[in-house]
Amino acid sequence: MKKIIVALLVVFSQLYGQNFKFAVMSDSRGDVHGVNEPVLKKLTHHLLTNNPDLKFILFLGDLIDGSWKDASENFSQMKYWKKVMSEAYNSSTLVGKKVYVGIGNHEVRTPKDEANFLKVFPDMPKNGPADEKGLTYSFDYDGVHFVVFDTDRWYYGDTTTTKDDHPDWHKFHHYQWLENDLKAARERGVKRIFAGSHEMFFPVGGHLRDGLANLGRNLTLPLDSAAKARLTAHDKLWKILVDNKVTAFVSGHEHLYSRQSVDGIYQIISGSSGAPVYDFNPTYDQGDKKKVGREFTYSQALPYYKALGYNYGPGKNSQKSEDFVGKRAYHYVLFDVQPDSVSVKTFGMLIKKNTMTKTDSTIKLIDSFTIK
Ligand SMILES: [Fe+2]
């Protein structure tokens, strides 16, 4: 009898409930043709073999290291990345595009890179803004809406001259498109929304100076008008996600795993599938001791904490939210979308203290929580 009830429940949930898994990964740059091939392969294999019911992967940028000079090298590195990910591309169980790729700053280092990115990944949805087709896009899966937006454009200068060519990183340009996209999703009755981009809203480690707030180096208070404008743009974009009750915002860029809830929505960073792992924002209690990578000292970080409204001072975590959880690991984040909640599990190889790459190489569960 018990078996029959269980079987009926499974059939019922398949017919009437949402229940599917997707994974978020990012930042796999490394030494083998620009890719950390051994780690990326190992994580992907672990993800796929342990989750035959996985539907797709969102891979949010910095796939490769890239070159500042040679577009053909970047093209070749992106193609190589696809080869390294062949287990996912060849999977018979993943659906849709199998791997939904977002572009990151490391894919945008020369003027030709964006066009080459679109050649290597030609089948991303083309419903984005006119000048970001295949770079910013959205899709629905099983009543859940996903939007991936480009936060690292090469260029928004005068297209008639190359003089002002510059990487236009750490920004988003299409607020109206995003608002319309989310509104349309709500109107057709989607149950949940997940939003993702390469850059994060609330930096947690080595990228305190950039991300979408993009406050630059050597920040001083009070903020000058340029810093104020960037922070206003950041707040406006975050508010669109909050107003549309996004379940979670996911990103890469910070080579760390972290999650925290801000204004009722989660920011989850899945920031290293092979890229060298940073350390977290320095706390008051750690003092001005040097960290492993490019992180600021506490004194250098303090103006950023104040500008971003972080918890700082004795006993505080130097992050945006008190519920912050972070791990230093090569990892992926697995989302199990259920009818009334989302179970989130992160698997990874922990990185040894005071190093950026040394690991015991055992993939294990490193965080688990539920979003209602
Ligand atoms: Fe990045």
Check: Within region 69-138, which helices (runs of 4 or more DSSP H) (wholly inside it) include 1 or more residues that are within 16 Å of the ligand (Cβ to nearest atom)?
Finding: 71-84, 113-120
Next item on the list: Give the number of residues within region 292-309 that are assigned to a loop (DSSP other than H, G, I, E, B) and touching a residue at least 60 places away in the same chain (Cβ under 8 Å).
Entry: 5
Margin query: Need pairs with beta-carbon distance below 8 Å; first residue free of Cβ contacts under 8 Å to residues at least 60 places away in the same chain and within region 355-372, second of a type in the set (Ser, Thr, Tyr) and assigned to a loop (DSSP other than H, G, I, E, B); sequence gap 6+ or separate chains.
Written below: THR370/SER341; LYS372/SER341
Item checked: Members of region 114-139 found to be small (Gly, Ala, Ser) and either surrounded by fewer than 19 Cβ atoms within 10 Å (Cβ to Cβ) or more than 18 Å from ALA184 (Cα to Cα) (or both), listed by number -> ALA115, ALA130, GLY134
Check: Do we find that LEU241 is more than 14 Å from the ligand (Cβ to nearest atom) and either within 28 Å of ALA185 (Cβ to Cβ) or in a strand (DSSP E or B) (or both) in this structure?
Finding: yes
Check: If you go through region 184-214, how many residues are more than 16 Å from the ligand (Cβ to nearest atom), in contact (Cβ under 8 Å) with a residue 12 or more places away in the chain and of a type in the set (A, V, I, L, M, F, W, C)?
Finding: 5
Margin query: Restricting to region 55-69, count the residues that are modelled with pLDDT of 95 or more and either surrounded by fewer than 18 Cβ atoms within 10 Å (Cβ to Cβ) or charged (D, E, K, R) (or both).
Written below: 3
Check: Condition test on VAL337, is it at pLDDT 95 or above and surrounded by fewer than 19 Cβ atoms within 10 Å (Cβ to Cβ)?
Finding: no
Checklist line | Cβ-Cβ under 8 Å pairs, at least 6 apart or on other chains, region 167-181 side at positive phi and crowded, with 18+ Cβ neighbours inside 10 Å, far side among the charged types (D, E, K, R) and assigned to a strand (DSSP E or B) | finding: HIS170/ASP152
Next item on the list: Identify all residues within region 224-272 that are touching a His at 6+ places or on another chain (Cβ under 7 Å) and among the small types (Gly, Ala, Ser); write none if there are none.
Entry: SER251, GLY252, SER270, GLY271, SER272
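The values are calculated or read from the model by the stated rules, or taken from the named source; none is laboratory data. Quick caveat, the model's predicted, so the values are computed rather than measured. Every residue, glycine as well, gets a Cβ built from its backbone with ideal geometry; the counts of neighbours run over all protein chains shown.
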